[in-house]
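The values are calculated or read from the model by the stated rules, or taken from the named source; none is laboratory data. Not measured: the values here are computed from a predicted model. FYI the Cβ positions are ideal-geometry reconstructions off the backbone, even for glycines, and counts take in every protein chain you see.
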Amino acid sequence: MDRGGCDMQVSHAIRERRSVRAFLDEPIPAETVLQIFDLAKWSPSWANTQDWNVYVVHGTALERIKGAFAILGGEGMQGVTDVPMPSREWPEYLTARMNVSTSPSETTSASLGVLTAGPSIWDFYGAPCLLLFAVDARLEPTYAAFDAGLLVQTFCLAAEDRGFSTCIMATAVRYADVLHEVIAQAAGQRFVVGVALGRADHTAVVNRGERDRVATSELVTFVNGEE
């Protein structure tokens with residue numbers, strides 16, 4: 001088997017995948033989503049428990065969620081999530097890295113140095129499909145959410161490899177009561193995070209901003225026990 005070719009595909013997906021904030025209005029066949037998950041399900045998990053569940057929301061159900069979120073978000077409602085969200089107080093060195101506006105209706109294009117209006121976050125940036133990743137409510141949520149995150153990342157890379165774009169969204173689970181009302185199948189589950197899925201609108205300025213990462217040396221420390 002040509003492992004070199006496989007590695008090139010993985011490298012390309014890792015480097016090219018980005019958070020898309022403007023999608024085309026093109027439906028995604030259910031079979032396509034299942035094919036991506038056939039690959040993503042090989043993600044690691046605690047003792048191979050595969051302790052995750054995914055709800056693929058589209059059609060009327062998605063419109064109900066979008067409508068409710070638009071009203072609640074527009075009114076500035078804080079919302080209650082199933083899993084606690086990170087504090088908004090971040091250390092200064094981390095806030096310095098952030099290049100996305102906290103405004104729900106606007107997105108910063110760091111490369112242009114301007115604030116550009118884009119599709120609404122409450123509309124999940126116009127994505128035709130929303131994936132909601134959940135874990136069993138009986139599990140300790142911190143590590144269960146970690147396992148869910150492994151599946152999320154693998155799914156996003158697999159989707160990128162097939163020509164689909166994604167945006168990982170904590171906002172998608174901000175109003176958990178709405179999600180549980182619409183998705184009766186999720187009884188006994190905690191929603192962890194959402195992923196908007198679709199084809200990217202490459203004409204949108206918000207999808208063309210330059211991206212950056214800190215130097216690898218800022219992230220990685222080698223420890224050999226020597227002074």
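So here's what we get for this one:
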| item | result |
| --- | --- |
| Matching entry among F133, F124, F155 (being of a type in the set (F, W, Y), modelled with pLDDT of 95 or more, under 12 Å from the mean Cα position of the chain (by Cα) and in a strand (DSSP E or B)) | F133 |
| From the options F191, F222, F164, residue that is out of contact with any Phe, Trp or Tyr (no Cβ under 7 Å at 6 or more places or on another chain), among the aromatic types (F, W, Y) and under 22 Å from L139 (Cα atoms) | F191 |
| Residue satisfying condition, being loosely packed, with under 13 Cβ neighbours inside 10 Å and in contact (Cβ under 8 Å) with a residue 12 or more places away in the chain, within set G188, G209, G126 | G188 |
| Members of the range 162-206 that are touching an Asp or Glu at 6+ places or on another chain (Cβ under 8 Å) and either outside any strand (DSSP E or B) or under 18 Å from F146 (Cβ atoms) (or both) | V173, A176, G188, Q189, R190, F191, V192, R199 |
| Among (1) surrounded by 15 or more Cβ atoms within 10 Å (Cβ to Cβ); (2) modelled with pLDDT under 95 - the single one P86 does not satisfy | (1) |
| Evaluation of S165 against (1) crowded, with 21+ Cβ neighbours inside 10 Å; (2) of a type in the set (S, T, Y); (3) more than 24 Å from I14 (Cβ to Cβ) (one fails), failing number | (3) |
| Yes/no for V223 being without any contact (Cβ under 8 Å) to a residue 40 or more places away in the chain, surrounded by fewer than 19 Cβ atoms within 10 Å (Cβ to Cβ) and assigned to a loop (DSSP other than H, G, I, E, B) | yes |
| Residues located in the range 136-145, provided they are assigned to a helix (DSSP H, G or I) and touching a residue at least 12 places away in the same chain (Cβ under 8 Å) | P141, Y143, A144, A145 |
| Qualifying residue in the range 172-180 (condition: closer than 20 Å to G209 by Cα, at pLDDT 95 or above and surrounded by 20 or more Cβ atoms within 10 Å (Cβ to Cβ)) | no |
| Residue check, D201 among the charged types (D, E, K, R), under 22 Å from D38 (Cβ atoms) and over 13 Å from the mean Cα position of the chain (by Cα) | no |
| Unique match (being of a type in the set (A, V, I, L, M, F, W, C), under 23 Å from A170 (Cβ atoms), in contact with a helix residue (DSSP H, G or I) (Cβ under 9 Å, 6 or more places away or on another chain) and modelled with pLDDT of 95 or more) among A40, A13 | A40 |
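Residue-wise test of (1) more than 19 Å from the chain's Cα centre (by Cα); (2) in contact (Cβ under 8 Å) with a residue 60 or more places away in the chain; (3) in a strand (DSSP E or B).
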position	(1), (2), (3)
E31	yes, no, no
D38	no, no, no
W42	no, yes, no
A47	yes, no, no
D51	no, yes, no
L62	no, yes, no
I65	no, yes, no
A68	yes, yes, no
T81	no, yes, no
